[in-house]
Every structure is written in structure tokens, then in C-alpha cells.
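The values are calculated or read from the model by the stated rules, or taken from the named source; none is laboratory data. The shown structure was predicted, so the numbers you read here are calculated from the model rather than taken from an experiment. FYI the Cβ positions are ideal-geometry reconstructions off the backbone, even for glycines, and counts take in every protein chain you see. All accessible areas refer to the heavy atoms of the entire protein, side chains included, with ligands and DNA or RNA removed. Shrake-Rupley method; radii C 1.70, N 1.55, O 1.52, S 1.80 Å.
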Amino acid sequence: MSGEWWRHAAIYQIYPRSFADGTGDGIGDVAGIRGRLGYLKDLGIDALWLSPWYTSPMADAGYDVADYRDIDPVFGTLAEAEAFLAEAHDLGIRVIVDIVPNHCSDRHPWFQAALAAGPGSPERQRFWFRPGRGDNGEQPPNDWQSNFGGPAWTRVPDGEWYLHLFAPEQPDWNWEHPDVREDFLRTLRFWLDRGVDGFRIDVAEALVKDPALPDFADMPIGVPAPWTDQDGVHEIYREWRKVADSYPQGAIFVGELWLTDPERFARYLRPDELHTGFNFPFLSAAWEARDLRTVIDRTLATHAPVSAPATWVLSNHDVTRVVTRYGRADTRHTWDLTREAHPADLALGMKRARAAALLSLSLPGTVYVYQGEELGLPEVQDLPEEVLADPRWVRSGHTDRGRDGCRVPLPWSGDAPPFGFSPAGGRPWLPQPPEWTAWTAEAESRDPGSMLTLYRTALRLRHETPALLADGLRWLPSAADVLAYARGDSFACVVNFGAEPAELPEHTEILLASGDLVAGRLPADTAVWLRTA
């Protein structure tokens, strides 16, 4: 795959802390990733996306960056990162790294300088420092709330407040300041010079704020919130695109864009801005034929005017793992603001997740696989409260258990924790369930009916089937609770969401099925790939 490789790529997300530990400290690292590159090559992916590996105090698992141009010692060294990039490229695997431009760490040298410099200083203009309201400035400057709970403002000893859309340890950059813009351009060039193939942009829509900082309660209905999707953000990405296009590797930008307006979403994907954006409506949809067909149609219609490829995502490091979600009574993605686990039928969730894999891997565009998805790992919903590390847990007053359940370290081998994640004697940073014995990569590699075998086969067929690396989709006649579509003239995918077995369209060969057929018919919650000519 060359040229515009990103238009039909299969990209695997690595959450470094939880992928593989090469040093024995219980935390995943670059050494661990390097040791598993053969596994990733055998899986059949085209590229990797790494969550942040930069220098960080880890208040939010690396999304609080203190130095954008170095590797945190917990993950390794810059030299190790450069060796990893070279080794991945030698295997034909491209590498996308996370970049976090909305906020930094409160330990970042510029923020420390701003704290020391005091009110009205040039150093504070790189951030959003403001006096408070009330007689003595004791109230926040406005009513904005943090995504992690509580006010989006924290007061410093001299009386001013600073803005943080996430944790207090993550002050927001002021993108109106030229220093901020120029420093991020330096960061892009730093990593592009080292051969990275692109950037996933965290909170991509939130960089620019309304400079008036109005109260959200006073905003008219139907306009973007004053902290998100402001028109000025597009100028930033046009400048970034020029930088990426000046490099020979065909580097790309992928936006994390939680936007509900399709037209405003598409603006980010114009030819001189970002290459792709994450398709969260697909991730959020219920396991229902009607809902998913609507999302697929809207997705393709949204991307067509800007000639951008769609992306298909089932899960990531921020949401409930798909096996668990699809096993619940409500199969939609929701932000779970609760301490209690939602009951889930994991056997049903596994069956649906297998079918969803064939659905997502056969739609036109780019597909993402979150680490462990290929093993069929469920959410760990019963982590002890004392090990929860997500800042949501504290910021919510211990009402939202956060995202740690989808971040538990991967099981690689053996029949007891740490399941090969760490060298013998290592203790993973989050505990692994002892029942994960059957879900290790080693065990699934030996099982022809495993989720891992399904993913490996599907990814191989995806590369071998020209219709799956082209554009376009054509719906085929089907019952209301069945999705059936053709790609090109010789491939079809059928997914049965109903309770009764479904008839298959005419075909010459069954290429792959997520489960056994019954008398030539497709059972409930099962998908099949067909050769039709």
C-alpha cells in the first residue's frame, strides 16, 4: 500500500502503558512494543497509532505533556523510540503518534514560568489566566465545566484563575498566541524529521476558544459552545497541513472530533486540512440494523463532498470495550457516570463483536482496531477502587469509575497474571483478571475459532480483495433486520441483527464467517463475507 495509503488502511491503536512491558516495572514501554512487532506484522495491520509517550507527570496517563519533544523515562528513551520507528518501517508498518495541542501539563516549563511571572505577564498570555468574579475574585471567570467534573478553572495563590477543560494539571494553551503556534510547528517537524507517518490530534476541535469567554448558559441554542469548534481552528490545521505535505513520507493527520453536526465535521476534512477524523457516530451506534445503516449512509454522505475517506471505529482507550457494550441491554456507547457495573452477557457480546469486526473491516475507508479488540477482551468492570488511576474518578467525587476498565494490560501468554505482559515477577500497573487465561494471544493463536484468528484472516482477505481497497458501497435487498451490501462486482457482506436465520444472496464462495451457518442460512448476530462472482 503506497501513495494515499491512509485511504484504506487498517490501523492498530497501542495504549503504551498497557501493551507490553519490556523492562519489568509493570508499565508498558517502547521495549515491549519493539518485542511485539512480529505479532503486529502477523496480525496484518498497515499502521500503528500510539497514545502519548512524551515526558509527563502522568496525571492523565500521558495526556498531560511536559515535553513534546522527548520520551518519558517510564516508556524508554528517544533513541529507543527512533529504533522502534526504524524497525516498524522495516516491517512495512507505518507509525502515527498522538499529539495533544489543547493543553499541556502544569509541569510544562512555560506554565511554570507563567505561575512565577504573575498577573499581566507575557508568560501568562500563552494560557488562559483571568481574574475571578465576585467581590474578591473568589468565583471562577465563567460557568464552564471540566470534562472530568467540576469547574474548568483553578485559582492560583495570587488570585488569578486558569482554564483547563480537563484536569487542573492540564492547563489549556491560548492558541491566539504566536509562541504557541510556532512551538507546535517545531514539534511537528521534530517528529516528522524522525520519520513518523502522521499524528492523531487529541481534542482536535477545542484548540480555539471564544476570546470573550462567555458563560455557556447565555449561549444561544444551535451554535457551538464557546470552547469548541470555533472557526479559527481551521487556520491552524491549514498551517499544519503545509508542514506535513512538505515531507516525503506522506504523513497524515487524524482528528479526534466529537462533533454532532455533519457539515461542521466535514469542514475539518477539506483537502488542505486534516486527512481523516474519527467516526464516533459509528462507535456510538446501537447494535441494530436500522441505526447502523443510518450511520453508514450519513457517514459516507458527509465525507463525499470533501473527498475524504470515512473511518470505522468500534472502541478505543476512552470507551467501554465492545464485547461488554454489545452484551448489555443498551448497546449504545454512553459516558457511564456511575460506580456500578452494567450487567453484560459476554457470550452474546462476543458473538456480536465478531460480527462487528467483519462489518467494520469491510466498509469503505480506514478501519481502526484498539489493542485487545482482536483478542475479544471484555471491559474489566470490577477493578478495586484503590487502583483506579483515571482522573475522572477523583474529579467526579468517586461517582464515575472512569476509563481504566478498557486499559487493563494485555494478556500475551501463560495461565496466570501477568500473562506475559511483564517479565516473570512483574506486577502490571492495573490488575488482570485471572480468567483471562483463555484470551491470551498465545492461546488464541492455537485456536482456529478464536477472535484473533478471525481478525488475522479478515485482515489478510482485506488486503487480497481489490474491492475492499476501493471506494463505494451498494446496498443489496434484505430484510429489515439484516444489512447486506456489495463492494465492487464480486464481494458482499451480510450481517444478521434479527432473531431468525437469514437467507444469503447468491454467491460462489463463503470467504469468511463470524460464526457457523445453519443449513446455509446466517444465524442471529452473525456476519459473512461472500464472493459473488
- Query: Which value, in debye to the nearest 20, describes the size of the charge dipole of the chain about its Cα centre when Lys and Arg Cβ atoms bear +1, Asp and Glu Cβ atoms bear -1, and nothing else is charged?
  - Reply: 960 debye
- Message: Please enumerate, by chain and number, the lysines with C-alpha under 30 Å from the C-alpha of residue 242, excluding those fewer than 8 residues away in the same chain.
- Response: 209
- Pull up all non-local amide H partners of residue 315: gap of 5 or more, or a different chain, and H-to-H distance under 5 Å with H placed in the peptide plane. 370
- Task: Determine, from the Cβ-Cβ distance of residue 460 and residue 518 and an R0 of 25 Å, the FRET efficiency 1/(1 + (r/R0)^6), rounded to the nearest 0.05.
- Result: 0.45
- Note on the structure: For the chain, the Debye formula with one identical point scatterer on each Cα and no solvent gives log10 I(q)/I(0) at q = 0.05, 0.11, 0.12 Å⁻¹ as -0.20, -1.00, -1.20
- Among 394, 523, 171, the residue whose Cα sits farthest towards the positive end of the charge dipole of the chain, when +1 is placed on the Cβ of each Lys and Arg and -1 on the Cβ of each Asp and Glu, is 523
- Note on the structure: Computed curve, region 375-533, Cα-only Debye sum without solvent term, log₁₀ I(q)/I(0) at 0.19, 0.20 Å⁻¹, is -1.06, -1.12
- Message: Per 0.36 nm of contour for each residue apart, how much would the distance between residue 135 and residue 117 grow if the chain were fully extended, relative to their Cα-Cα spacing?
- Response: 4.1 nm
- Task: Please list 46-52, 411-417, 129-135 highest first by mean number of surrounding beta-carbon atoms within 10 Å per residue.
- Result: 46-52, 411-417, 129-135
- Query: What does a probe at residue 386 reach in region 416-439, counting residues whose amide N is under 14 Å from the point 7 Å along Cα→Cβ?
  - Reply: 431
- Spin-label model distance (nm) - residue 231 vs residue 298, 7 Å beyond Cα toward Cβ: 2.5 nm
- Message: Given region 47-167, report the % of alpha carbon pairs whose separation exceeds 17 Å.
- Response: 64 percent
- With θ set to phi - 60° and the Karplus curve 6.51 cos²θ - 1.76 cosθ + 1.60, what are the ³J(HN,Hα) couplings of region 324-331 in order, to the nearest whole Hz, using x for Gly and Pro? 6, 4, 6, x, 8, 5, 9, 8
- Quick one: if the Förster radius is 51 Å, what FRET efficiency do residue 125 and residue 416 give, using the C-beta to C-beta distance and rounding to 0.05? 0.40
- Task: Enter the accessible area per residue of the chain (Å², integer; probe 1.4 Å; all protein chains in place).
- Result: 38 Å²
- Task: Could you go through region 121-138 in sequence order and give the Karplus-derived ³J(HN,Hα) for each residue, using 6.51 cos²θ - 1.76 cosθ + 1.60 with θ = phi - 60°, rounded to whole Hz, and x for Gly and Pro?
- Result: 7, x, 4, 6, 6, 6, 10, 10, 8, 8, x, x, 9, x, 4, 10, x, 7
- Query: residue 14's amide H: which non-local residues (gap 5+, or another chain) put their own amide H closer than 5 Å, with H modeled 1.01 Å from N in plane and none for Pro or chain starts?
  - Reply: 49, 50, 51
- Report the full-extension gain for the segment residue 37 to residue 70: residue separation times 0.36 nm, less the Cα-Cα distance, to one decimal in nm. 9.7 nm
- Largest-first semi-axes in Å of the equivalent ellipsoid built from the Cα gyration tensor of region 25-86 are 22, 12, 11
- When the accessible area of region 6-81 is computed with all protein chains present and a 1.4 Å probe, what percentage of it is carbon and sulfur? 49 percent
- Kindly state, to the nearest 0.05, the FRET efficiency for residue 470 paired with residue 83, given R0 = 45 Å and r defined as their beta-carbon distance. 0.80
